[in-house]
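The values are calculated or read from the model by the stated rules, or taken from the named source; none is laboratory data. Source: prediction; values computed, not measured. Counting neighbours? That spans all protein chains shown, and the Cβs are built from the backbone with ideal geometry, glycine included. These accessible areas exclude ligands, DNA and RNA; they are computed on the full protein's heavy atoms, side chains included. Shrake-Rupley method; radii C 1.70, N 1.55, O 1.52, S 1.80 Å.
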Amino acid sequence: MNGDPMVNFFERVAALQREGQSFAVATVVARRPPVSAHLGDRAIVFADGRMEGFVGGACSHEIIRRQALDVLRTRHGRLVSIRPDAGDASEATSEHVVVPMTCASEGAVDVLVEPFVQPRTLVVVGATPVAAALARLARGMDYQVVRVVDPAEQPDIAAEAAALGMTVATLDALETILRESAADHAAVVASQGHYDEQALEAILRGRAPYVGLVASRKRGDAVRALLDQGGVPGVAAIRSPAGLDLRARTPQEVALSILAEIVQALPSGNAMPASPAADHAFAATAAAAPATAVDPVCGMSVEVATARHTVDVDGVAYYFCCANCRARFVTTPQDYPRTPA
């Protein structure tokens, strides 16, 4: 291990990226004393809320944890300004969040929070020219691409898929692939009549946020009707013909129109709809998470079991992130919510 803390930090970041983990990096970029953080202090925040590193004391720590989790959810970084005069936050935007500093120091700190997330996944079903063009274009946009075809078609696409770093799977594995995917994935069926219904049934049961079918309107209506008769859920979610109306004619133009529609439907700055895998992960995380309460002064989430600053008022326990919040509440409790959240 190198003795330079900065080198060690970036080696840690590189290792996490190699492992395929999603995380956020928080860096102190400005400060107004007195604050405990210094310029260049850094922390890594994981998707489960764990933090490695230091960006400030109790107040800043919890604020940055919450902001980092939101940054991971939206995939867009932001500057977080923590300061005592946060009431005047007229310059706040989606990329610049202003949060009140409630600690006694009354200092201020700016922290840049950047997401490091895995590329989104695009599942392309079919061995047609449109499917091939869509897969190539998506790889150029840094999507993780999974080509799903009939076993007999695998030799036809294996060489190109390997050269472009795509995964190849069979129809039988489609539902498992979708179930194990993160929330941010899209699926397009471009088999053009070969196994449209079979693929769409698996995709709809996997609740992909975007489902496209390359077909004429008439063919699309017929496929929807057949799936609906079979009791397949979510048939209305199928976009057919897939893609924006760009008057596309060639396979490459059709692929461009489909990716444009995916970007429009699932922009990178928006939170993704939940998939079954994401639902399961969230439920597991929630079940394992310790009980929390909301600090009535600053609104921070405080772990009940480890809270150091508490007070009992009329038989009700209140929990605080720091001694200053507790002191302010005790002095004028009527100024704050009296029901713990």
Dimensions of segment 1-116 along principal axes (Cα, Å, largest first)? 42, 32, 20
Built amide H within the under 5 Å cut-off of residue 309, gap 5+: 320
Degrees separating the helix 276-288 axis from the principal Cα axis of the chain, which is the longest one: 20
Cα gyration tensor of segment 1-49, axes a ≥ b ≥ c as square roots of the eigenvalues: rounded (a/c below 1.5), prolate (a/b > b/c) or oblate? oblate
Acute angle (nearest 10 degrees) that the helix 154-163 long axis makes with the longest principal axis of the chain, alpha-carbon atoms: 40
Roughly speaking, to the nearest percent, how much of segment 103-182's 1.4 Å accessible area is carbon and sulfur? 53
Averaged per residue, what accessible surface does segment 152-273 expose to a 1.4 Å probe, in Å²? 50
Peptides 106-118, 187-199 ordered by average Cβ neighbours within 10 Å, highest first: 187-199, 106-118
Protection proxy ranking of 45-58, 161-174, 207-220 - average other beta-carbon atoms within 10 Å, highest first: 207-220, 45-58, 161-174
Residue-normalised 222 nm signal for the chain, counting each DSSP H run of n ≥ 4 as -39,500 (n - 2.57), nearest 500 deg cm²/dmol, is -11000 deg cm²/dmol
Let me know the shape class of segment 133-208, please: from the alpha-carbon gyration tensor, a ≥ b ≥ c as square roots of the eigenvalues, rounded when a/c is under 1.5, otherwise prolate if a/b is greater than b/c, or oblate. oblate
Enter the angle in degrees (range 0 to 90, nearest 10) between the Cα long axis of helix 196-205 and the first principal axis of the Cα atoms of the chain, meaning the one along which they spread out most. 20
Taking θ = phi - 60°, what integer Hz values does the Karplus form 6.51 cos²θ - 1.76 cosθ + 1.60 yield along segment 47-62, in sequence order, with x for Gly and Pro? 5, 8, x, 5, 10, 10, x, 8, 10, x, x, 4, 5, 5, 4, 6
When ranked by the protection proxy of mean other Cβ atoms within 10 Å per residue, highest first, what sequence do the peptides 146-154, 311-319 form? 146-154, 311-319
With a bin width of 10 angstrom, please list the P(r) values of the chain as percents of all Cα-Cα pairs, from the 0 bin to the one holding the largest distance. 5, 21, 24, 19, 15, 11, 4, 0
Which one, 127, 148, 301, is farthest towards the positive end of the dipole of the chain when Lys and Arg carry +1 and Asp and Glu -1 on their Cβ? 127
